[in-house]
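Trainee: Sharing a structure with you now.
The values are calculated or read from the model by the stated rules, or taken from the named source; none is laboratory data. Here the structure is a predicted model, which means the values were calculated and not measured. So basically every Cβ, Gly included, is an ideal-geometry build from the backbone, and we count neighbours across all protein chains shown.
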Amino acid sequence: MNISQNKIDNLIKQYVDTHKQKEVQRYENFLQMQRETKIAKYADKTFVHNNLMWQDQKINSTQKMNIVELKVYCRDLVLANRKDWRAPSYYELMELIDYTKSNPSTIAKIKNIQSDFYLSSSKQAKEKSKEKNYWVVDFQTGVSDTRNESEQFYIRCVRTLSNKKGEY
């Protein structure tokens with residue numbers, strides 16, 4: 001049996017390409033497992049929902065703050081070995097609502113929650129008065145409203161999960 005050198009080269013290339021793809025897939029699986037392990041390590045203090053990592057500690061059901069206090073608190077928060085925490089937007093808070101439930105009307109992942117208003121970092125658009133109003137979300141019924149910046153509400157910080165492989 002006589003096989004051409006070109007055929008041999010193609011078979012070798014095909015073998016190497018297939019083997020390389022398997023190695024790459026194994027490495028990507030390893031990185032994903034590392035990411036999930038890191039996230040799971042902090043599951044008693046955080047939860048993940050829609051590619052966001054949320055703070056879930058006792059302070060989230062006991063402490064009220066105004067918007068300035070919330071922004072400073074989240075900026076200074078170090079949790080899950082991360083420093084990139086921030087105050088959530090109105091839309092991010094609304095993603096935590098489960099309208100099939102009430103008192104609290106939240107997704108099941110949240111442990112530390114009050115059936116009350118939580119403060120967002122989103123300002124009310126086109127305000128007529130000189131006062132600044134921010135959106136708040138009521139986790140008792142799932143409704144939202146705007147309130148004055150000086151008022152205090154329950155708080156929860158959030159961070160965006162990394163898109164880098166192996167990072168969280």
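Residue by residue, here is whether (1) in contact with a strand residue (DSSP E or B) (Cβ under 9 Å, 6 or more places away or on another chain); (2) among the aliphatic types (A, V, I, L, M) holds:
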position	(1), (2)
Ile67	yes, yes
Glu92	yes, no
Ala108	no, yes
Ser122	yes, no
Ala125	no, yes
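Trainee: Any idea which of (1) farther than 15 Å from Tyr154 by Cα; (2) surrounded by 14 or more Cβ atoms within 10 Å (Cβ to Cβ) is the one Arg75 doesn't satisfy?
Mentor: All conditions pass for Arg75, except number (2).
Trainee: Of everything in the stretch 51-78, what is assigned to a helix (DSSP H, G or I) and under 17 Å from Gln114 (Cα atoms)? Give them in sequence order.
Mentor: Within the stretch 51-78, Lys58, Ile59, Asn60, Ser61, Leu70 qualify.
Trainee: Considering only the stretch 79-95, how many residues are more than 15 Å from Leu161 (Cβ to Cβ) and without any contact (Cβ under 8 Å) to a residue 60 or more places away in the chain?
Mentor: Selection size over the stretch 79-95: 4.
Trainee: Please identify the pairs in which a residue from the stretch 12-37 that is closer than 11 Å to Glu167 by Cα has its Cβ atom under 6 Å from the Cβ atom of a residue that is outside any helix (DSSP H, G or I) and at pLDDT below 75, counting only partners at least 6 apart or on another chain.
Mentor: Leu31/Lys165; Leu31/Gly166; Gln34/Gly166; Arg35/Gly166; Arg35/Tyr168
Trainee: Could you list all residues from the stretch 99-133 that are touching a residue at least 24 places away in the same chain (Cβ under 8 Å) and of a type in the set (Asp, Glu)?
Mentor: Asp116
Trainee: Working carefully through the options Lys111, Lys71, Lys41, Lys22, find the one that is modelled with pLDDT of 85 or more, more than 14 Å from the chain's Cα centre (by Cα) and farther than 30 Å from Arg147 by Cβ.
Mentor: Selected residue: Lys41, the only one of Lys111, Lys71, Lys41, Lys22 that is modelled with pLDDT of 85 or more, more than 14 Å from the chain's Cα centre (by Cα) and farther than 30 Å from Arg147 by Cβ.
Trainee: Sticking with this one: Just to verify a result, which residue in the stretch 139-158, among those that are part of a strand (DSSP E or B) and closer than 17 Å to Ile59 by Cα, is nearest to the chain's Cα centre (by Cα)?
Mentor: Only one residue tops the list, namely Val158.
Trainee: Look at Thr160 and say whether it is surrounded by 15 or more Cβ atoms within 10 Å (Cβ to Cβ) and in contact with a strand residue (DSSP E or B) (Cβ under 9 Å, 6 or more places away or on another chain).
Mentor: When the stated conditions are applied, Thr160 does not pass them.
Trainee: Output the residue which, of all residues in the stretch 99-108 that are part of a loop (DSSP other than H, G, I, E, B) and surrounded by 15 or more Cβ atoms within 10 Å (Cβ to Cβ), is modelled with the highest pLDDT.
Mentor: This residue is Ile107.
For every residue, the table says whether it meets (1) more than 30 Å from Glu131 (Cβ to Cβ); (2) surrounded by 14 or more Cβ atoms within 10 Å (Cβ to Cβ).
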position	(1), (2)
Asn2	yes, no
His19	yes, no
Arg35	yes, yes
Leu52	no, yes
Glu69	no, yes
Ala87	no, yes
